[in-house]
Amino acid sequence: MIIVPSLLNANNYDIKSNLKEVGEAGITHLHIDIMDGHFVPNQAFGPNIINDLKKNTDFVLDVHLMIEEPENHINNYKNADIITVHYESTRHLYRNIQMIKSLGIKAGVAINPATPVCVIEDILPFVDQILVMTINPGVSNQIFIREMTKKINKLSKLKKENDFHYDIQVDGNITNETIKDCLKVGANVFVSGGYIFNGNSIKERINSLIKAGEEYER
């Protein structure tokens with residue numbers, strides 16, 4: 001189980017302190033949403049934040065490109081460790097995967113709530129991560145869509161049946177309750193933003209997620 005705090009929900013004024021607390025809680029990965037204001041309604045971050053984080057932190061940088069035609073921008077994110085593109089954002093998904101791999105970076109594919117797993121089955125042998133959105137992307141304060149656990153379950157079965165090696169990541173209102181729903185159907189990487197950063201203590205919220213996962217696994 002890997003907990004991946006989403007930088008989008010951190011306090012930008014106090015981001016250095018936030019990241020220090022995240023690291024002290026034992027977190028190794030950081031999720032960075034790149035939004036273009038077209039593929040999703042909002043705008044957020046860009047290549048500079050990735051470059052600065054790579055220079056100044058030891059986090060594994062998990063970059064989520066919520067942008068149209070990501071193939072035109074992938075080279076700007078060469079300092080990432082993982083780049084995930086949306087199936088819905090490009091007509092050239094396999095080309096995107098090839099471009100990411102050519103940079104020596106792990107490649108992931110994300111699917112929106114209305115997108116079925118069947119449309120990405122042909123590329124499953126080539127990816128390192130599948131991201132199942134459990135809310136509509138790019139908008140905060142949404143309700144966890146429980147029906148998405150069916151997709152997670154299907155991806156988990158396909159992984160086992162075919163000996164694939166991708167991680168199954170979930171993103172969207174992941175809390176100490178919803179994480180259990182995702183764990184039991186096969187997810188192993190959990191992006192959490194608002195739950196972690198909007199509480200009284202970042203460490204306490206992270207520990208709450210870890211504890212919930214450990215309780216389920218027992």
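Numbers at a glance
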quantity	calculated
Residues in the range 110-133 reached by a label modelled at GLN142 [backbone nitrogen below 17 Å; 7 Å Cα→Cβ]	110-117, 131-133
Sequence-separation-based contact order of the range 1-124, relative, with Cα cut under 8 Å and 6+ spacing, percent	18 percent
Packing-based order for 123-129, 46-52, using average beta carbon neighbours within 10 Å, highest first	123-129, 46-52
GLU68-SER17 pseudo-label distance in nm [points 7 Å out on the Cα-to-Cβ vector]	4.0 nm
Sequence-distant lysines (8 or more away, or on other chains) whose Cα lies within less than 17 Å of LYS157	LYS184
Calculated [θ] (222 nm, deg cm²/dmol) that DSSP helices of n ≥ 4 give over the chain, each run adding -39,500 (n - 2.57)	-9500 deg cm²/dmol
Three-way shape label, the range 71-218, alpha-carbon gyration tensor, a/c 1.5	prolate
Subset of LYS150/LYS203; LYS78/LYS180; LYS106/LYS203; LYS151/LYS203; LYS180/LYS203 violating a 23 Å alpha-carbon distance limit	LYS150/LYS203; LYS78/LYS180; LYS106/LYS203; LYS151/LYS203
Near-label residues of the range 23-65 by backbone N, under 18 Å of a point 7 Å along Cα→Cβ of ASN75	47-48, 51
Approximate spin-label separation GLU215-ASN56, in nm, with each point projected 7 Å along Cα-to-Cβ	3.7 nm
The range 67-124: trypsin sites (Lys or Arg not before Pro) in DSSP loop, at most 13 other beta carbons within 10 Å	ARG91
Most mobile of ASP58, ASP171, ASP14 in a GNM of the chain (Cα contacts under 10 Å)	ASP14
Loop-located trypsin sites (Lys or Arg not before Pro) in the range 139-185, at most 14 other Cβ atoms within 10 Å (DSSP)	LYS184
Square roots of five times the Cα gyration tensor eigenvalues for the range 152-218, Å	25, 12, 9
Dipole in debye (nearest 20) - the range 51-158, about Cα centre, beta carbon charges: Lys, Arg +1; Asp, Glu -1	240 debye
Mean accessible surface per residue for the chain, computed with a 1.4 Å probe while every protein chain stays in place, in Å²	48 Å²
Label point distance in nm, GLU121-THR28, each placed 7 Å from Cα along Cα→Cβ	3.3 nm
Most fluctuating residue given options ASN11, ASN56, ASN72, as computed from a GNM of the chain linking Cα atoms under 10 Å	ASN56
DSSP bridge pairs, the chain: antiparallel proportion in percent, nearest 5	5 percent
Residue-by-residue Karplus 3J(HN,Hα) for the range 81-90, coefficients 6.51, -1.76, 1.60, Hz, glycine and proline x	9, 9, 10, 10, 10, 8, 3, 6, 9, 8
With every protein chain in place, the range 8-134: carbon and sulfur % of accessible area (1.4 Å)	45 percent
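The values are calculated or read from the model by the stated rules, or taken from the named source; none is laboratory data. In this text, all values refer to a predicted model and were calculated from it rather than measured experimentally. Backbone-built Cβ (ideal geometry, glycine too); neighbour counts: all protein chains shown. What goes into the accessible areas is simple: the full protein's heavy atoms, side chains included, and nothing from ligands, DNA or RNA. Shrake-Rupley method; radii C 1.70, N 1.55, O 1.52, S 1.80 Å.
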